[in-house]
1. Would you mind telling me the antiparallel percentage of the DSSP bridges in segment 15-445, rounded to 5?
2. So what is the relative contact order for segment 313-443, in percent, with contacts set as C-alpha pairs under 8 Å and at least six apart?
3. Can you give me the Kirkwood hydrodynamic radius for segment 209-276, using every pair of distinct Cα atoms, in Å to one decimal?
4. Mind checking the dipole of segment 15-445: about its Cα centre, +1 per Lys or Arg Cβ, -1 per Asp or Glu Cβ, Debye to the nearest 20?
5. What number, in percent, do you get for the relative contact order of the chain if the mean sequence gap of Cα pairs under 8 Å and at least 6 apart is divided by its residue count?
6. Set Lys and Arg Cβ to +1 and Asp and Glu Cβ to -1, take the dipole of the chain about its Cα centre, and tell me which of Thr159, Ala126, Val192 lies farthest positive.
7. Identify all aspartates and glutamates with a Cα-Cα distance to Lys39 below 13 Å; exclude those on the same chain that are fewer than 8 residues away in sequence.
8. Please identify the GluC sites (Glu not before Pro) of segment 380-448 that satisfy two criteria: DSSP loop assignment and at most 13 other Cβ atoms within 10 Å. Which are they?
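Each reported figure results from applying straightforward, stated rules to the coordinates on display, with no laboratory input. This structure is a prediction, so every number in the text was calculated from the model and none was measured. Methodologically, a virtual Cβ is constructed for each residue, glycine included, from the backbone with ideal geometry; neighbour enumeration extends over all protein chains shown.
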Amino acid sequence: MSIPQEGGGPIEDPRQLVDFLAAGCKPRERWRIGTEHEKFGFLSDSHAPLPYDGPRSIRAIFEGLAARFGWTPVREGAAIIGLTRAGANISLEPGGQFELSGAPLTDIHATRAELETHLSEVRAIADPMGVGFMGIGAAPEWRHAEMPMMPKGRYRLMTDYMGRVGTHGTQMMYRTCTVQVNLDFASEADMVLKMRVALALQPVATALFASSPFFEGRPNGHRSWRSRIWRSLDDARTGMLPFAFEPGFGFERYVDWVLDVPMYFVYREGRYINALGQSFRDFLKGRLPALPGEVPTLSDWADHLTTVFPEARLKRYIEMRGADAGPMGNLVALPAFWTGIMYDDAALAAAWDLVRGWDGATREGLRVAASEAGLAGEAGGVRLREVALRAVALARAGLEARGLGEEAHLAPIEAIAASGRTRADDLLAAHAGEWGGDLGRVYEACRL
């Protein structure tokens, strides 16, 4: 989850909301790659989820990283809720999922180096404590009552609200992990094309990176339970954004959609003010019940943009949000996949040709099929494995055109696409075979 925004003057004209997004347009030479990944911490001896406080805890790891590796603590009240260093942030998801939001980097080699450094530093602090971290899309055994709640005000508000607007919201908050990449656009037209390709191909990414076949101690019948959860969370703020494929889509249409998404909170002077279910449109008119007479700032708008969760999310860059967390190679292959497609004109045009004929029912059907069957899924006559093979080939061509040797980082998903076997398939086979049904083996199998 995002760190609250600071600064930004009052919004005096609704056009400022559109301009805020449009300010993300930048020339190709300024395009960067920002990778975010989450992981579950656990106590190595008991496999219990890592608590926030205590001698073996998130707080202790934060303090160790700050003291030994020069990270600067981020606090909410007296609690350390994150760390920052050189453009990167470490933050916490509601159930203690440890998230690295990497710095904006120029290539995939730098992405891998950043990730290797991060995991090395975390292990240096965590291993002596008897703490491990695993890369997997959903907590394989833990139940909701076992999960700690992180000391962040927005999570207290969201937990109650999620329980009222959907059936799986708290599962998403406390017991899932993802990997995503954030990429730039040159213009409104470039943003539109990239958003359409990103949304259409998210089910392919879900299938390629599927790694959440267990939940609450048993196989759950899906290859990506994390993706399944998102389909029953909050229809007002999630999904495949069918309007993005309609004529006239652009910054203004996206703003209109976000304005209709109910608010969660307003952040003021270090505290979260409950605005659950209230309207940002009313806020613009000074009629927000939570802050009567006050109009929002651009920081409030930036915060509100973080409370929508479509499969591809627009900020001043585009977030690709469809993939489960997984092993080290997959955490690097995800940004390699999307960078190859999005940052080469020929690859992007070919990707659009691949998906432009799909209607909304097919796109949504593929989203369901990917979560259930992984690469074996199909919808509307489209087979996910066939599309995955073509998409990965386009990503390779796009990376080769960049001339940096980044295509080597696609190897894990090239193997997955070629075999049709996802990480979830391998975990299920191990559980039924060599593990003898002992799901406790998953912690070491998925240790980062």
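1. Within segment 15-445, antiparallel bridges account for around 95 percent of the total.
2. This gives 26 percent for segment 313-443.
3. Final number for the Kirkwood radius of segment 209-276 is 15.3 Å.
4. Rounded to the nearest 20 debye, it is 560 debye.
5. Relative CO of the chain lands at 21 percent.
6. Final value for the positive-end residue is Thr159.
7. Straight-distance partners of Lys39: Glu93, Glu99, Asp324.
8. Those satisfying the criteria are Glu434.
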